[in-house]
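Have a look at the structure below, then the notes.
The values are calculated or read from the model by the stated rules, or taken from the named source; none is laboratory data. Everything numeric in this text was worked out from a predicted model, so none of it was measured. Counting neighbours? That spans all protein chains shown, and the Cβs are built from the backbone with ideal geometry, glycine included.
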Amino acid sequence: MYLTQGLHRSLQRHPDKIALTHVSDGLVRQHSFAELLDGIGRHAAALWARGVRAGDRVALLAPNHDLLVRAIFACWWMGATACPLNVRWSVHEIAHALEDSGARLLLIDESLTALAQGLSLPTVGLEQLADEARAPAPLPDVRAAGEQMAAILYTGGTTGKSKGVMLTHANFWTASMTRGAELNNAPDSVSLLVAPLFHVAGLGRLIGQTMVGGTCITMAQFRPAQVLEAIETHGITDTILVPTMLQALMDEPGFQPARVRSLDRIAFGAAPMPPDLLERALVAWPHAEFFQAYGLTETAGALCINLPENHRSPEARTQGRLHSVGRAGLGAEILIVDESGHPLPPGEVGEIVACGPMVTRGYWNNPQATAGAFRDGWFRTGDAGRMDADGYLFIVDRLKDMIISGGENVYCAEVEGALRSHPLVSHAAVIGLPDARWGEAVHAVVVLAEGVAPERLPVDELRAWCRERLAGFKCPRSVVYVPALPLSAAGKVLKNVLREQARA
């Protein structure tokens, strides 16, 4: 169970087949499997020359492209751990992840070098690393496998700071097998990787596609017109999209079903799918397989999949399965439990817990968070759900205080911490409100310090304060000032009351 295995297998079977294509503003770079493996080995040699060794953490800050893919695989090739970071983070957030991970080196896209100013960690541009990789002979693949750590992926911080999820080669391998057992992943498929590789969905799809010897297409940004062109030009057959991306594609003036006919499999998830949007997509792609996946960073990908037949079958629709996230996949076990951890009967709502070889062993350098995430060996997802008598899982709500905006996770405690750090703010509560474009929008309810009039702190000034400390997608889109926050008898903020007030 090593993540470079599929590359070696493909080298034997079809060395000249295109493994990876990068598309960007008219630029197209292609790599055969033979070229990709040679480049990965040479990149590993270049990392070795810079002092990276097996077990070291290597941070990566770059949008999706072929240089990033080669660098990630080079880490695995030499037994190092890849730590891809969110390119939308602030300098403060990046610095925290670098310090927390203890990364030996930061590999960065040259367009983002301004974010590295002031960091003490040695930093190398990905293009520079590619130049350095031309001279040395390729390193042999150590075939790091099993419980050796493959990646640390950082989640938003429910306690105000991001947590690093430790994911092993076995975690990713099993998650890919779980998906493949439910839906055959054909080796002749062409997969568009537009979901960021610093998210588990994007990275997991890269792994699954290379395992079977399929072709990957990388794009640095989701731009509807360019994505439509790439689908048409490169014969893309499958992709993962969050609902906002799917809507943007169909809203694009150049969208025509004939142009995107090659796309015959569309996965969606990461945010609630509006029923009318799904119906519209099913009409636009009458031949395509649609499926919803449910999983978390901590599960290295999907725990369960709602199969394509449940999206078009009249019987499945009658049974309400269109809005399910499916049944536990191969190797995964899912239960609905009460507050004490006892399993609940079908139909009752409780917390979703899971176990299986795809589940993380915990959070890097954070034993307290790790202990809190598990109960009797079961991972506590923090999501509320119910399961029917046939094992179909339905997500009801999130127990964790999290907002999903445009497919990005926003943790309220983190935003509240940034708001409260302003000297004129006394208290703050953050909630998610429905948003037609982003799924949910971040809304802040703020109590100013005693004696401070709202005129002393304009809303735009407070939002700018947050933008200096948080990624843009985490910053409140709307702010209201109130005299006090509604509290329960235990002193907890009643966010259900805030939601009712905001929607009134």
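Where in segment 184-273 are there helices (runs of 4 or more DSSP H), lying wholly inside it, with at least 3 residues that are surrounded by fewer than 22 Cβ atoms within 10 Å (Cβ to Cβ) and not assigned by TED's automatic domain parsing to the domain that holds residue 410? So that I can check it myself, show each step before the final result.
Values: elements: 200-211, 224-234, 243-251.
Those helices (runs of 4 or more DSSP H) span 224-234, 243-251.
From the set of residues in segment 157-183 that are in a loop (DSSP other than H, G, I, E, B) and among the polar types (S, T, N, Q), which is modelled with the lowest pLDDT?
At the first step, the residues of segment 157-183 found to be in a loop (DSSP other than H, G, I, E, B) are 157-162, 183.
Still in the running and among the polar types (S, T, N, Q): 158-159, 162.
Details: 158: 40, 159: 43, 162: 85.
By that ranking, first place goes to 158.
For segment 20-47, give me each residue that is part of a strand (DSSP E or B) and in contact with a Gly (Cβ under 8 Å, 6 or more places away or on another chain).
Initially, segment 20-47 is screened for residues part of a strand (DSSP E or B), giving 20-24, 27-32.
Listed by number, the list holds a single entry, 31.
Yes or no, residue by residue, for (1) in contact (Cβ under 8 Å) with a residue 60 or more places away in the chain; (2) among the aromatic types (Phe, Trp, Tyr):
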residue: 8; (1), (2): yes, no
residue: 15; (1), (2): no, no
residue: 20; (1), (2): yes, no
residue: 32; (1), (2): no, no
residue: 48; (1), (2): yes, yes
residue: 51; (1), (2): no, no
residue: 54; (1), (2): yes, no
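For residue 26, only one of the following conditions fails: (1) surrounded by fewer than 17 Cβ atoms within 10 Å (Cβ to Cβ); (2) modelled with pLDDT of 95 or more. What is its number?
Only one criterion is unmet by residue 26, namely (2).
Quick one: in segment 321-377, which of the residues that are of a type in the set (Lys, Arg) and under 14 Å from residue 394 (Cβ atoms) is modelled with the lowest pLDDT?
The initial filter retains those residues of segment 321-377 that are of a type in the set (Lys, Arg), namely 321, 327, 361, 375.
Imposing the further condition that a residue be under 14 Å from residue 394 (Cβ atoms) reduces the set to 321, 327.
Details: 321: 86, 327: 95.
Ranking the qualifying residues of segment 321-377, first place goes to 321.
Can you list the strands (runs of 3 or more DSSP E) found entirely within segment 105-156 that contain at least 2 residues being farther than 30 Å from residue 170 by Cβ and of a type outside the set (Phe, Trp, Tyr)? Spell out the reasoning first.
Details: elements: 105-108, 123-125, 149-155.
The strands (runs of 3 or more DSSP E) meeting that bar are 123-125.
So which residues in segment 29-75 are crowded, with 23+ Cβ neighbours inside 10 Å and aromatic (Phe, Trp, Tyr), if there are any at all?
Once the filter is applied, which keeps residues that are crowded, with 23+ Cβ neighbours inside 10 Å and aromatic (Phe, Trp, Tyr), segment 29-75 yields 33, 73.
Just checking, which of 374, 379 is touching a residue at least 60 places away in the same chain (Cβ under 8 Å) and over 30 Å from residue 468 (Cβ atoms)?
Details: 374 fails: touching a residue at least 60 places away in the same chain (Cβ under 8 Å).
After applying the criteria, what remains is 379.
Right, residue 104: in contact (Cβ under 8 Å) with a residue 60 or more places away in the chain, assigned by TED's automatic domain parsing to the domain that holds residue 41 and not aromatic (Phe, Trp, Tyr) or not? If you could, list the steps in order and put the result at the bottom.
Numbers: in contact (Cβ under 8 Å) with a residue 60 or more places away in the chain: no; assigned by TED's automatic domain parsing to the domain that holds residue 41: yes; not aromatic (Phe, Trp, Tyr): yes.
When the stated conditions are applied, residue 104 does not pass them.
Can you go through 189, 101, 111 and tell me which one is within 30 Å of residue 232 (Cβ to Cβ), of a type in the set (Ser, Thr, Tyr) and touching a strand residue (DSSP E or B) at 6+ places or on another chain (Cβ under 7 Å)? Even if it seems obvious, please write down each step before you answer.
Details: 101 fails: within 30 Å of residue 232 (Cβ to Cβ); 111 fails: touching a strand residue (DSSP E or B) at 6+ places or on another chain (Cβ under 7 Å).
Criteria check complete, one pass: 189.
Residues of segment 56-85 being over 19 Å from the mean Cα position of the chain (by Cα) and assigned to a loop (DSSP other than H, G, I, E, B), which ones? Break it down stepwise before answering.
Here is the first cut: in segment 56-85, the residues over 19 Å from the mean Cα position of the chain (by Cα) are 56-57, 67, 70, 74-80.
If the condition is that a residue be over 19 Å from the mean Cα position of the chain (by Cα) and assigned to a loop (DSSP other than H, G, I, E, B), then 56, 78, 79, 80 are the ones that fit.
Among (1) in a loop (DSSP other than H, G, I, E, B); (2) under 24 Å from residue 396 (Cβ atoms), there is one condition residue 294 misses while meeting the rest; what is its number?
Here residue 294 clears every test but (1).
Among the residues that make up segment 221-230, is at least one of them within 30 Å of residue 56 (Cα to Cα) and not aliphatic (A, V, I, L, M)? Step through it out loud before you land on a result.
First, the residues of segment 221-230 that are within 30 Å of residue 56 (Cα to Cα): 221.
Retained after the next criterion (residues that are not aliphatic (A, V, I, L, M)): 221.
Within segment 221-230 (the criterion being within 30 Å of residue 56 (Cα to Cα) and not aliphatic (A, V, I, L, M)), the answer is yes, since at least one residue qualifies.
If we keep just the residues of segment 335-348 that are hydrophobic (A, V, I, L, M, F, W, C) and in contact with a Phe, Trp or Tyr (Cβ under 9 Å, 6 or more places away or on another chain), which is nearest to residue 299 (Cα to Cα)? Outline the logic, then answer.
Taking segment 335-348 first, the residues hydrophobic (A, V, I, L, M, F, W, C) are 335-337, 344.
Among the residues that remain, those that are also in contact with a Phe, Trp or Tyr (Cβ under 9 Å, 6 or more places away or on another chain) are: 335, 337.
On the way: 335: 15, 337: 18 Å.
So the residue we want is 335.
Only one residue in 413, 428, 441, 449 is among the small types (Gly, Ala, Ser), surrounded by 15 or more Cβ atoms within 10 Å (Cβ to Cβ), over 30 Å from residue 361 (Cα atoms) and in contact (Cβ under 8 Å) with a residue 24 or more places away in the chain. Which one?
Numbers: 413 fails: over 30 Å from residue 361 (Cα atoms); 428 fails: in contact (Cβ under 8 Å) with a residue 24 or more places away in the chain; 449 fails: surrounded by 15 or more Cβ atoms within 10 Å (Cβ to Cβ).
Result: 441 is the single residue among 413, 428, 441, 449 that is among the small types (Gly, Ala, Ser), surrounded by 15 or more Cβ atoms within 10 Å (Cβ to Cβ), over 30 Å from residue 361 (Cα atoms) and in contact (Cβ under 8 Å) with a residue 24 or more places away in the chain.
Restricting attention to segment 347-377, which residues are assigned to a loop (DSSP other than H, G, I, E, B), in contact with a Lys or Arg (Cβ under 8 Å, 6 or more places away or on another chain) and of a type outside the set (Phe, Trp, Tyr)? Before you say what the answer is, go through the steps one by one.
Filtering segment 347-377 down to residues assigned to a loop (DSSP other than H, G, I, E, B) leaves 347-349, 356-362, 364-366, 376-377.
Checking which are in contact with a Lys or Arg (Cβ under 8 Å, 6 or more places away or on another chain) leaves us with 347-349, 364, 366.
Answer for segment 347-377, where residues must be assigned to a loop (DSSP other than H, G, I, E, B), in contact with a Lys or Arg (Cβ under 8 Å, 6 or more places away or on another chain) and of a type outside the set (Phe, Trp, Tyr): 347, 348, 349, 366.
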